[in-house]
1. With the chain treated as a Gaussian network of Cα nodes joined by springs under 10 Å, which of Val91, Val72, Val250 yields the largest mean-square fluctuation?
2. Please work out how much length the chain gains when fully extended from Ser278 to Arg218, using 0.36 nm per residue of separation minus the C-alpha to C-alpha distance, in nm with one decimal.
3. Just Thr246, Thr41, Thr232 to compare: in a GNM of the chain, with alpha carbon springs under 10 Å, which one fluctuates most?
4. Along the positive direction of the dipole of the chain (beta-carbon charges: Lys, Arg +1; Asp, Glu -1; about the Cα centre), which of Gly202, Gly110, Ser47 reaches farthest?
5. Using θ = phi - 60° and the Karplus relation 6.51 cos²θ - 1.76 cosθ + 1.60, list the HN-Hα couplings for segment 94-109 in order, rounded to whole Hz, with x at every Gly or Pro.
6. Select from Thr243, Thr43, Thr71 the residue whose mean-square fluctuation is largest in a Gaussian network model of the chain (Cα-Cα springs shorter than 10 Å).
7. Given points 7 Å out from each Cα along the Cα-Cβ axis, report the Val137 to Thr32 separation in nanometres with one decimal.
8. Rg/Rh for segment 69-199: what does it come to with C-alpha atoms and Rh from Kirkwood?
Amino acid sequence: MKRTLTCLLAAALCVSGCGRPEAAATPPPRATADIVRGDLTDTLSLSGKVVFAGFDGLPGGRTVRARAAGTVTALPAPGAVVRQGQALYRVDRKPVVLLYGRLPLYRPLGQGVKDGPDVRQLETALKALGHAEDVTVDDHFTWATTLAVRAWQKHAGLPGTGSVDAAQAVFLPAEVRIAKAAVAPGDSVAHGAPVLTVTRTGRRVHLNLDVADQALARRGAKVEVELPGGATARGTVVSVGATARTREGVTTVDVGVRLAGAKVRLLDQTPVTVTLESVTRRDVLSVPVEALLATPGGGYGLEIGGRTVPVTTGVYGGGRVEISGPGLAAGMKAGVPVK
């Protein structure tokens, strides 16, 4: 009876396993990647958007306010570009003209006014417009300056008083793009009321950068910008906000990036991805990130030669991760998941 039972068990085992040796074979080896030695740069990718920035390099633009009460009779359309010598808007049919300069027109300028850099700024603008051939550009308002102002006023359609005040001109650093209007033709405006919001004409990429990563956004730092459709362009950090702002519990600084070499037309508010470079580690070992294995102790390891070898990770960059640990060397094979 015992022998019969043994035979039956042997027969059953043969039915389940005999003739199928492949079921007991070891699984095929995993794909591998080389451990390599070289330089590795840590990177950070952030979502940004294309904007027309203000003169501080940040989004939002600058508000142009009325300096004379009256009825708005003309406004440029949003998106229009206004250059030096052209009217930003009209009140009671009188133009308020854009002139280039960084100082606001904080006082009337005319003969007898005290010398100052605002006089030089006005004479520089008049010279650029071709109305000040006989003017020596300096801080002194001369009779020649008066004649130049009158020539400019005649050309612009302003009363030829020979003196200039903020009801006639607005000084801004360069040509502007009209972002939006706060009023419409026919509206009455009081002194100091907002009329227009203007921006620079060039596009910028705007980022909200976590303050913890602020060191990545040095002025002049080079970045890579991924555009819609997968195209890329190089960029340069041109502005970093001096004040941090907290939104939804996250404290960030505003960063502006100037694009170079973008060959596609980018609309306002176009989303992009910006890659900032952080630390470059020289002559280190690295593997593809997907080669890392989570270990029970909370660290990472690599599958090398059929066993898990613990490693210490460093910087990440370009899909790779810096590794270190006893016995690791360039040329070793680390297992990676088969995709």
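Just so you know, all these numbers are worked out from the coordinates, no wet-lab data involved. Quick caveat, the model's predicted, so the values are computed rather than measured. Note: ideal-geometry Cβ built from the backbone for every residue, glycine included; neighbour counts use all protein chains shown.
1. Between Val91, Val72, Val250, it is Val250 that shows the largest mean-square fluctuation.
2. Values: separation 60, 0.36 × 60 = 21.60 nm, distance 1.04 nm.
Length gained, Ser278 through Arg218: 20.6 nm.
3. Among Thr246, Thr41, Thr232, the largest mean-square fluctuation in the Gaussian network model of the chain belongs to Thr246.
4. Most positive-ward Cα: Ser47.
5. Couplings: 8, x, 10, 9, 7, 10, 8, x, 9, 7, x, 7, 8, 8, x, 10 Hz.
6. Thr243
7. Roughly 7.1 nm, to one decimal.
8. Working: Rg = 14.5 Å, Rh = 15.0 Å.
With Rh from the inverse mean 1/r over Cα pairs, Rg/Rh is 0.97.
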